[in-house]
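**Student:** Pasting in a structure now, in structure tokens, and then I'll have a few things to ask.
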Amino acid sequence: MFNYLKPLMPQVFSLLSVIACTTSVSFANDTALNSDGATTIRLDEAVRYFGRADLPFPGTDAGKQNTGLRLVSHGKIRESGQERYSVWRIRNATNEVKSVVLKAHGNSAEQSLSIPAHTETFVRSGHYQGSATHRLFYQGRQIDVKASSPSDFSDSRLVRHPGAPNESTNLVAQAASDREIYLTWKDQSDNERGFAIERRPEGSGAFQRIFTTRVNEEAFLDTTLVSGVTYQYRIQAVNGDWVSNYSDTTAATTMLVSPVTYYAIASNDWTTPLTWSHTKQGPPTVSTPHEAALVFINGHAISLDGDQLCTKLSLDTEGTSSLLTIEGATLTVRDRVTVEKNCEACISNIIINNKGRLHCENP
């Protein structure tokens with residue numbers, strides 16, 4: 001059983017959080033997969049194979065010698081019918097992390113443990129003769145002593161599988177431009193292989209995974225956005241098939257860019273200098289339309305042989321003298337394309353050759 005686990009792993013996973021066993025799909029060997037993808041395992045199996053499991057303790061307890069600490073025996077773990085380990089629960093009912101030492105009486109075996117605040121830590125004793133009395137030390141003095149229970153240890157409560165990374169914290173989203181949002185977070189795991197980033201427009205549909213970072217990353221720049229839109233983000237630490245809980249959701253709104261108007265005042269290539277003006281009869285400009293531009297072609301023929309962007313495109317087709325030719329390239333219009341006045345001639349006034357493309361993001 002549990003042949004995919006590595007028996008007797010060192011105690012490198014110090015904190016296992018309790019996961020509510022709701023909306024779960026059963027696996028073999030009493031594991032479960034929650035709706036958020038986080039994998040859980042029975043508490044007794046976590047202690048057997050990984051040596052430790054932590055559960056929250058929300059109550060109050062003065063503990064032994066008013067330390068807030070208490071030691072309880074939870075029986076034995078047997079292998080092939082033979083007693084191999086004893087299991088101990090150390091309760092920390094205080095608001096601070098406690099460093100303790102668990103010692104087997106009459107034996108040199110001891111374990112140094114860090115017990116989180118308001119936590120009950122279940123540990124597998126390193127002493128094979130599990131019947132031995134164990135003593136709990138805090139700040140160099142013995143505060144509790146218990147004899148090992150003769151019963152077999154069994155606890156079906158579910159805890160997070162040690163392979164699942166801890167969830168990340170402090171996720172923050174900030175607008176970096178009209179098309180970009182910068183994410184930062186705090187990595188709280190030591191076994192993740194990356195961070196899966198999910199996004200959706202605010203209040204619109206389900207989250208979609210857009211990228212998975214490398215290990216230990218704590219920042220990401222999303223560059224595939226639309227101006228003036230609010231986006232929500234959440235992330236998960238991932239470790240192969242194991243994933244953390246989702247982080248808190250955060251949101252940011254891309255910046256608004258004031259559009260600039262360009263009128264075609266000459267028949268030329270889109271990028272030819274002096275083709276455009278910011279007014280219909282004004283002097284020519286040395287710049288060309290860009291992604292925040294409102295483009296008007298009235299009475300001139302404009303050709304495009306390289307990919308370009310603009311926000312809106314308008315052709316005045318009166319007299320059929322306004323013409324746009326897209327040659328083997330893509331013109332992306334962020335908002336819409338309009339053809340004014342002689343609407344029945346709109347098809348003949350936009351010519352697309354050699355696998356060219358006119359793409360409207362909001363037709």
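**Student:** With Leu136, Leu102 as the choices, which residue is without any contact (Cβ under 8 Å) to a residue 60 or more places away in the chain and surrounded by 21 or more Cβ atoms within 10 Å (Cβ to Cβ)? I'd like the intermediate steps shown before the answer.
**Tutor:** Working: Leu136 fails: without any contact (Cβ under 8 Å) to a residue 60 or more places away in the chain.
Matching residue, one of Leu136, Leu102: Leu102.
**Student:** If we scan segment 143-159, do we find a residue that is more than 17 Å from Val47 (Cβ to Cβ), without any contact (Cβ under 8 Å) to a residue 40 or more places away in the chain and in the same structural domain as Arg52 (by TED's automatic domain parsing)?
**Tutor:** no
**Student:** When you check Asp178 against the structure, is it charged (D, E, K, R) and under 30 Å from His290 (Cβ atoms), yes or no? It would help to see each step written out before you state the result.
**Tutor:** Details: charged (D, E, K, R): yes; under 30 Å from His290 (Cβ atoms): yes.
Yes; evaluated as a whole, the condition is true for this residue.
**Student:** Now a separate question. Give me a count of the residues in segment 176-195 that are aliphatic (A, V, I, L, M), buried (at least 18 other Cβ atoms within 10 Å of the Cβ) and outside any strand (DSSP E or B).
**Tutor:** Step one: filter segment 176-195 for residues aliphatic (A, V, I, L, M), giving 176, 181, 183.
Then drop every residue that is not buried (at least 18 other Cβ atoms within 10 Å of the Cβ), which leaves 181, 183.
With outside any strand (DSSP E or B) added as a condition, the list becomes none.
Result for segment 176-195: 0.
**Student:** Further question: Determine whether Asn3 is at pLDDT below 85, in contact with a Phe, Trp or Tyr (Cβ under 6 Å, 6 or more places away or on another chain) and outside any strand (DSSP E or B).
**Tutor:** On the way: at pLDDT below 85: yes; in contact with a Phe, Trp or Tyr (Cβ under 6 Å, 6 or more places away or on another chain): no; outside any strand (DSSP E or B): yes.
So Asn3 does not fit the description; no.
**Student:** Name the residue, out of Leu304, Leu256, that is under 23 Å from Glu180 (Cα atoms) and aliphatic (A, V, I, L, M). If you could, list the steps in order and put the result at the bottom.
**Tutor:** Values: Leu304 fails: under 23 Å from Glu180 (Cα atoms).
Leu256 is the lone residue from the list that is under 23 Å from Glu180 (Cα atoms) and aliphatic (A, V, I, L, M).
**Student:** Moving to a separate point now. Is there any pair with a first residue in segment 212-230 that is closer than 7 Å to Arg179 by Cα and a second that is at pLDDT 90 or above and in a loop (DSSP other than H, G, I, E, B) whose Cβ atoms are under 8 Å apart and which are 6 or more apart or on different chains, and what are they?
**Tutor:** Leu225/Thr254; Val226/Thr254; Ser227/Thr254
**Student:** With buried (at least 19 other Cβ atoms within 10 Å of the Cβ), over 9 Å from the mean Cα position of the chain (by Cα) and more than 27 Å from Ile41 (Cβ to Cβ) as the only criterion, which of Ala164, Ala173, Ala206 stands out?
**Tutor:** Numbers: Ala164 fails: more than 27 Å from Ile41 (Cβ to Cβ); Ala206 fails: buried (at least 19 other Cβ atoms within 10 Å of the Cβ).
Residue meeting the stated conditions: Ala173.
**Student:** Assess whether Ser247 counts as being surrounded by 15 or more Cβ atoms within 10 Å (Cβ to Cβ) and under 19 Å from Val215 (Cβ atoms).
**Tutor:** yes
**Student:** Looking at segment 74-112, which of its residues are part of a loop (DSSP other than H, G, I, E, B) and under 20 Å from Gly63 (Cα atoms)? Working first, answer last.
**Tutor:** First pass over segment 74-112, keeping only residues part of a loop (DSSP other than H, G, I, E, B): 80-81, 93-97, 105-109.
Passing the criteria: Ala93, Thr94, Asn95, Glu96, Val97.
**Student:** Are any of the residues in segment 244-255 part of a strand (DSSP E or B) and over 38 Å from the mean Cα position of the chain (by Cα)? Can you show your working first?
**Tutor:** Just the residues of segment 244-255 that are part of a strand (DSSP E or B), to begin with: 250-253.
In the following step, the residues that additionally are over 38 Å from the mean Cα position of the chain (by Cα) were identified as none.
The answer is no, given that none of the residues of segment 244-255 is part of a strand (DSSP E or B) and over 38 Å from the mean Cα position of the chain (by Cα).
The values are calculated or read from the model by the stated rules, or taken from the named source; none is laboratory data. Every value quoted in this text rests on a predicted model; they were computed, and no experiment measured them. Here Cβ is always computed from backbone atoms with ideal geometry, including for glycine, and neighbour counts include all displayed protein chains.
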